[in-house]
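J.: A single structure is presented below for examination.
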Amino acid sequence: MKIPKSHPRYTSLMLREKLVKGWREGIVVPEGLIAHGRGEAFDYVLGETTSAPALVAERAAAAFLLRARRPVISVNGNVAALAPRQVVRFAKTVSAGIEVNLFHRTETRMRRIVRTLRAAGATHVLGLHPNARIPRLESRRALSSREGIFGADVVVVPLEDGDRTEALVRMGKTVISVDLNPLSRTSQRATIPVVDELTRALPNMERFARDLRSDPDEIGRLMKSYRKSENMKALFAFLDWRLRGLREGPKVVRGTPRRPRRIRSPGD
């Protein structure tokens, strides 16, 4: 489908087209399409823009990744369909590994996603041959690589399931999530929840990482000063401001406006 760039929802519609293409190619599962729609609804409330609290979280995330000993970016089907090149560029910027991890895991789907990432420029992608299991996680998402997620100290989990986020935090890892839903278990459990749309968040974090690489003092300051509770409080304040603005803004009424009903006073 050809979508004109003049369409007011061009970016959002293009993301949908990428997911549908990914589904046709066997990268995305139907459940992933549903999950994307849920996130898109929250993006409407956010104004389809990156909030100031999200930028704070993204900058802190970049600092933690630059200081990490073994950073890894986890990739699922939606991530591979939406932003494979952005994932690869970001991984190279912060010297992170890439590992494919799926809830709806089949070997065919795993190979297709790995192939997509390699076509985007990745030279080494983990996940096809897991040799460890994440403790206290019963789904196939427990399968992991000792060289990758299992042995990592900082893990980026975009568009993630809450149960694995929680399990990774229990293992003592710093978990950076990218999720538009601030109420999800992923956002609630992650060490650094980035409440932003994936294709905005990845370039932002990459840019921050490039800016911070030559400033170790600022990296240390960001790591010490970031407070998840304060950042989420600021995010919910932003959402409250957005909702109040929508509630109090001009109302669009379909059809012919009704004349206001006259209220009779006792003297009439």
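Since every read-out is calculated from the coordinates, none of them should be taken as a lab result. Model, not experiment: these values are computed from the prediction. In this analysis, Cβ positions are derived from the backbone assuming ideal geometry, glycine residues included, and neighbour counts consider all displayed protein chains.
J.: As a footprinting exposure proxy, order Glu166, Glu17, Glu160, Glu107 by other Cβ within 10 Å, with the fewest listed first. Walk me through the intermediate numbers first.
T.: Details: Glu166 17, Glu17 14, Glu160 28, Glu107 8.
With the fewest neighbours first, Glu166, Glu17, Glu160, Glu107 line up as Glu107, Glu17, Glu166, Glu160.
J.: Please give the length that would be gained between Glu40 and Leu128 if that part of the chain were fully extended, namely 0.36 nm times their separation in residues minus their C-alpha to C-alpha distance (nm, one decimal).
T.: In short, 28.7 nm is gained.
J.: Counting DSSP beta bridges with both partners in the stretch 52-237, what percentage is antiparallel, nearest 5?
T.: 10 percent
J.: A further question follows. Provide the gained length on full extension for the span Asp215 to Arg111, in nm with one decimal, where the gain is 0.36 nm per separating residue minus the Cα-Cα distance.
T.: 33.6 nm
J.: Okay, next question. Using the structure shown, list the pairs from Lys92/Lys173; Lys18/Lys92; Lys5/Lys233; Lys5/Lys92 with a Cα-Cα distance above 26 Å, or answer none.
T.: Lys5/Lys233; Lys5/Lys92
J.: Right, something else. For the stretch 52-237, report the % of Cα-Cα distances exceeding 30 Å. Numbers along the way, then the final one.
T.: Working: 1943 of 17205 pairs.
So the pairs more than 30 Å apart make up 11 percent of the total in the stretch 52-237.
J.: Right, something else. At a Förster distance of 25 Å, what's the computed FRET efficiency of Met14 paired with Arg227, Cβ-Cβ distance as r, to 0.05?
T.: Approximately 0.10, to the nearest 0.05.
J.: I'd like to compare 189-198, 67-76: which one has the highest average count of other Cβ atoms within 10 Å, and what's the full order after that? Working shown, then result.
T.: Numbers: 189-198: 24.6, 67-76: 22.1.
Result, highest mean first: 189-198, 67-76.
J.: Based on Cβ point charges of +1 for Lys and Arg and -1 for Asp and Glu, what charge dipole magnitude is obtained for the stretch 52-237 about its Cα centre, in debye rounded to the nearest 20?
T.: Roughly 420 debye for the stretch 52-237.
J.: If you split all Cα-Cα distances of the stretch 1-153 into 10 Å bins from zero, what percentages do you get per bin, shortest first?
T.: Here the calculated profile for the stretch 1-153 is 10, 33, 38, 17, 2.
J.: Shifting gears a bit: To two decimal places, what compactness ratio does the stretch 209-252 give when its Cα radius of gyration is scaled by 2.2 N^0.38 Å?
T.: 1.86
J.: I've got another one for you. To the nearest 500 deg cm²/dmol, what mean residue ellipticity at 222 nm is calculated for the chain from DSSP H runs of n ≥ 4 alone, each contributing -39,500 (n - 2.57), summed and divided by the residues?
T.: -16000 deg cm²/dmol
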